[in-house]
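S.K.: Pasting a structure here, questions to come.
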Amino acid sequence: MAARASLTESEQAFVLAQRAARLATVNVSGQPSVVPVCYACDGSRFYTPLDEKPKRVAPADLRRVRDIAANTAVSLVIDRYDDDWSRLGFVQVRGQAELLAPGAPGHAEALRLLRERYVQYRTMALEELPVIAITPESVVSWGPALAGNEDAASIWTQPGRGLDFVPLAQHRRSVRAFQDRPVPRAALETMLEAARWAPSPHGRQPWRFAVLTTTVAKARLAEAMGADWQSTLEMDGQPPNIIATRLAKSHERIRTAPALILACLYLEDLDRYPDAARQRAEEVMAIQSLGAAIQNMLLAAYSLGLDTGWMCAPLFSPATVRAALDLNATLLPHALIPVGYMAREPRRRPHRPIDELVVRWE
Ligand SMILES: Cc1cc2nc3c(=O)[nH]c(=O)nc-3n(C[C@H](O)[C@H](O)[C@H](O)COP(=O)(O)O)c2cc1C
């Protein structure tokens, strides 16, 4: 276990997949103390808030705060125990802690990261409370869960947002602007794993996916779809300035998404019928199933702390999308799913109450 001052990619992925850490501090007479903490990590520093959870003393009198005032050396352990010992792992960070006062550089960003990970913090008034920032000086890790990329998928089995299913479904949003932060490959694999278990007509799994993470592939798709859309908008008689704005926006969305998953319908394994009505029903079932597979992916991503969007543009330019990505003619592009970490909170559209949706219950 060689010590480094920065986290490897698999350590970062592991750290983001866990929910709680143990923070060790020492007091002025060298007496150690360990407390469980909620935390966020921006890839280099760790942040833990002094929050509103019921405590016996005021935040400034907390033992950890007094300890850090006396001695800035701290240690943070993020671990996962599982009775299946092939899934064990821990990351241990030793470093320097400082208190970020409200308004100090980094304080607002730390709160944003913490609120992204813990929905409970979104409604807590943390603005007036300091945040502890920990700058690693040495990082060590151990465990099969951190062994390398091929094993990394297993670390994602613990939900990053720690929500039960209904809150998970309620909190997911269609996000249209992402941070410039890569999506771990393991997360994309977990999304596809979730898709794989969607219900499908006759169990035929009529969906296939193309995953795009390189700048080149994203740009190629954006260019091709943009050209197609431009001709459609011109055909619709839209003014050139509106066309230019809409194209630029769509191009930007595709280019800046850290990862994209193109969801395609695949009808080749479905039953064939002599009459058009049954054939159409068979295809509709496949489309319904593709929607289920996509929703599985969106919720899996959300559970991992990621955000997603949904772009229907490929549905309108299937041949162009296939040509741009060199896809087989049997694949019918339906939806483009951008994946990443939210940069901007989307507008919440009102959702109808249950009694407007259920037309009969007897
Ligand atoms: C089939 C389908 C196609 C969609 N296409 C787009 C799209 O092209 N662009 C977009 O910004 N959002 C698109 N959305 C996302 C919806 O706008 C979004 O789900 C809706 O506004 C509700 O917001 P929410 O997902 O945040 O709850 C699509 C959603 C579905 C189900």
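S.K.: Identify, from the list Ile287, Ile337, Ile294, the residue that is within 14 Å of the ligand (Cβ to nearest atom), within 14 Å of the chain's Cα centre (by Cα), under 26 Å from Ser250 (Cβ atoms) and not aromatic (Phe, Trp, Tyr).
M.R.: None of the other options fit; the residue is Ile337.
S.K.: Among (1) part of a strand (DSSP E or B); (2) under 11 Å from Ile134 (Cβ atoms), where does Ser44 come up short?
M.R.: Every condition holds for Ser44 apart from (1).
S.K.: Filter the range 340-362 down to the residues that are over 27 Å from the mean Cα position of the chain (by Cα) and assigned to a loop (DSSP other than H, G, I, E, B), then identify the one that is farthest from the ligand (Cβ to nearest atom).
M.R.: Glu362
S.K.: Hey, could you check the range 24-37 for residues that are under 15 Å from Ala69 (Cβ atoms) and hydrophobic (A, V, I, L, M, F, W, C) and say which is modelled with the highest pLDDT?
M.R.: Here the residue is Val26.
S.K.: Additional query: Would you check if Thr213 is more than 16 Å from the ligand (Cβ to nearest atom) and modelled with pLDDT of 95 or more?
M.R.: For Thr213, the condition - more than 16 Å from the ligand (Cβ to nearest atom) and modelled with pLDDT of 95 or more - is met.
S.K.: Of all the residues that make up the range 106-128, how many are surrounded by 18 or more Cβ atoms within 10 Å (Cβ to Cβ) and not in a helix (DSSP H, G or I)?
M.R.: Summing the residues that are surrounded by 18 or more Cβ atoms within 10 Å (Cβ to Cβ) and not in a helix (DSSP H, G or I) in the range 106-128 gives 2.
S.K.: Looking only at the range 331-362, count every residue that is within 19 Å of Ile294 (Cα to Cα) and of a type in the set (Val, Ile, Thr) and tell me the total.
M.R.: Of the residues in the range 331-362, 2 are within 19 Å of Ile294 (Cα to Cα) and of a type in the set (Val, Ile, Thr).
S.K.: So Ala324 ticks every box in (1) farther than 19 Å from Pro206 by Cβ; (2) more than 16 Å from the ligand (Cβ to nearest atom); (3) in contact (Cβ under 8 Å) with a residue 40 or more places away in the chain; (4) not in a helix (DSSP H, G or I) but one. Which box is left unticked?
M.R.: (4)
S.K.: Restricting to the range 214-261, and then to whatever is assigned to a loop (DSSP other than H, G, I, E, B) and more than 21 Å from the chain's Cα centre (by Cα), can you tell me which residue is surrounded by the most Cβ atoms within 10 Å (Cβ to Cβ)?
M.R.: Gln238
S.K.: Could you list, in sequence order, all residues of the range 302-321 that are more than 26 Å from Glu109 (Cα to Cα) and near the ligand (Cβ under 10 Å from one of its atoms)?
M.R.: Result: Trp310, Met311, Cys312, Ala313, Pro314, Leu315, Phe316.
The values are calculated or read from the model by the stated rules, or taken from the named source; none is laboratory data. No experiment lies behind these values; they were computed from the predicted model shown. Note: ideal-geometry Cβ built from the backbone for every residue, glycine included; neighbour counts use all protein chains shown.
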